[in-house]
Amino acid sequence: MKEHSEVWIARPKKQQETFYRYLKEADALYGAGLKVDEELLSHAPNIKVISNVSVGYDNLDMEAITKRGIIATHTPTVLIDTMADTMFGLMLATARRMPELHRMVKEGQWKKPMTSEFFGTNVHHKKLGIIGMGRIGEEVARRASVGFHMDVTYHNRTRKPEAEAQTGASFAEDIDELLETSDFIMLMTPLTDATHHMIGAETFRKMKQSAIFLNGGRGAVVVEEELIDALHQGEIAGAGLDVFEKEPLHPESPLLSMDNVVTLPHIGTATHETRHAMYVDAAKQCIDGVLGKRPEHVIQGG
Ligand SMILES: NC(=O)c1ccc[n+]([C@@H]2O[C@H](COP(=O)([O-])OP(=O)(O)OC[C@H]3O[C@@H](n4cnc5c(N)ncnc54)[C@H](O)[C@@H]3O)[C@@H](O)[C@H]2O)c1
Ligand SMILES: O=C(O)[C@H](O)CO
């Protein structure tokens, strides 16, 4: 055990040489979004713990990490409510066309009472389909059924009777049933080999033409080009997106010129309180791991 600890900070891309020099000595790696693969690990012979400041861990090659006996941790609990709030905000903003109308007012285009071509669609009492009923999905379901009287259906790898009892959501074993009947379809799965490009042209074709699609999971779960096509062809009515296949989103993405698409810059957890809580939680995981205590939020994988 070292008698003192040191924290080294380096930007892996901009200061790669310094970063690798630190990595050679380091016991732990702490950060967000960094791709940790065989190549990076080959520069980190002493690492015992990798602390990811996020719940998603698609940036980590878990096979390479596990085979070296390294522990990887994440921050699954402190961000649940904030993320559920973001997804609810995104659903309301898209349905009620808030960014589009906000822009109109700011640009001095509000010159007469708003007529029906500017009306939105209700969220309350509508049908919400959640794909990926995990910690965040459940919290969205609770807000939707209790607060907005929505009829909530979910599709998940496994059925969750406890979540059904707590949130009033019902299980759709067959995803098509959810796609064909929901007014809002919210994607909240992680990005894994199984979910990569799980949502594409076929999926959008099954949705109602009036449906609004929302993605808060990861961009690459969706074939973005096919989402753009579905929007162009009017197969769905709109989309609210916090995540994209390539981030930051390219300034020339067709998504940016569509009024029926609300885009956020991956800010699902970005409040002062929640980001602080994530940093503190991740630091605790990191310290426990280095001290040989099993951290609370070890990534289980799968
Ligand atoms: N936009 C953001 O800022 C932001 C913030 C937090 C989390 N996220 C993303 O949201 C994801 C979910 O977070 P969580 O804490 O709810 O995770 P979670 O692990 O609690 O829930 C994920 C759910 O998806 C289900 N799932 C996995 N693969 C599936 C499949 N092929 N089909 C159907 N269901 C499947 C799992 O069974 C699980 O219930 C994260 O992995 C992350 O990628 C994004
Ligand atoms: O996975 C997460 O936690 C988010 O995407 C980053 O805040």
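The values are calculated or read from the model by the stated rules, or taken from the named source; none is laboratory data. All figures in this text were calculated on a predicted structure; none of them were measured in a lab. All Cβ positions, glycine included, derive from the backbone under ideal geometry; neighbour counts span all protein chains shown. These area figures cover heavy atoms from the full protein model, side chains too; ligands, DNA and RNA do not enter into them. Shrake-Rupley method; radii C 1.70, N 1.55, O 1.52, S 1.80 Å.
Modelling each spin label as a point 7 Å along the Cα-to-Cβ direction, I'd like the Ala32/Gln16 distance in nm, to one decimal.
Inter-label distance under the simple model: 2.4 nm.
Is there a pair in Lys24/Lys67; Lys24/Lys246; Lys14/Lys35 whose C-alpha atoms are over 24 Å apart, and which pairs would that be?
Working: Lys24/Lys67 18 Å; Lys24/Lys246 30 Å; Lys14/Lys35 14 Å.
As for pairs spanning more than 24 Å Cα to Cα, those are Lys24/Lys246.
Express the accessible area of the chain per residue in Å², computed with a 1.4 Å probe while the remaining protein chains stay in the model. All intermediate terms of the calculation are to be shown ahead of the outcome.
On the way: 16550 Å² over 302 residues.
That works out to 55 Å² for each residue.
Considering only DSSP beta bridges with both partners in the chain, what is the antiparallel share in %, to the nearest 5? Don't skip to the answer; put the middle values down first.
Numbers: 1 of 32 bridges.
Approximately 5 percent, going by the DSSP bridge assignments.
I need the fraction of alpha carbon pairs in the stretch 187-288 separated by more than 24 Å, rounded to a whole percent.
30
Give the Cα extents of the chain along the principal axes, in whole Å, largest first.
70, 47, 34
Return the loop-located GluC sites (Glu not before Pro) in the stretch 187-255 (DSSP other than H, G, I, E, B) with at most 14 other Cβ atoms within 10 Å of their own Cβ; answer none if there are none.
Details: sites: Glu202, Glu224, Glu225, Glu226, Glu235, Glu245, Glu252; in loops: Glu235, Glu245, Glu252.
Here the GluC sites (Glu not before Pro) that fit, given the DSSP loop and packing criteria, are Glu252.
Using the alpha-carbon atoms, what tilt in degrees (0 to 90, nearest 10) does helix 272-290 show relative to the longest principal axis of the chain?
Once rounded, the angle reads 30 degrees.
Could you check how much of the accessible area of the chain is carbon and sulfur, as a whole percent, using a 1.4 Å probe? Could you put the intermediate results ahead of the total?
Working: 8740 of 16550 Å².
Summing carbon and sulfur atoms, their accessible area is 53 percent of the total for the chain.
Which FRET efficiency, nearest 0.05, do Lys246 and Met104 yield, Cβ-Cβ r, R0 41 Å?
Working: r = 29 Å, r/R0 = 0.72.
Efficiency, from the Cβ-Cβ distance: 0.90.
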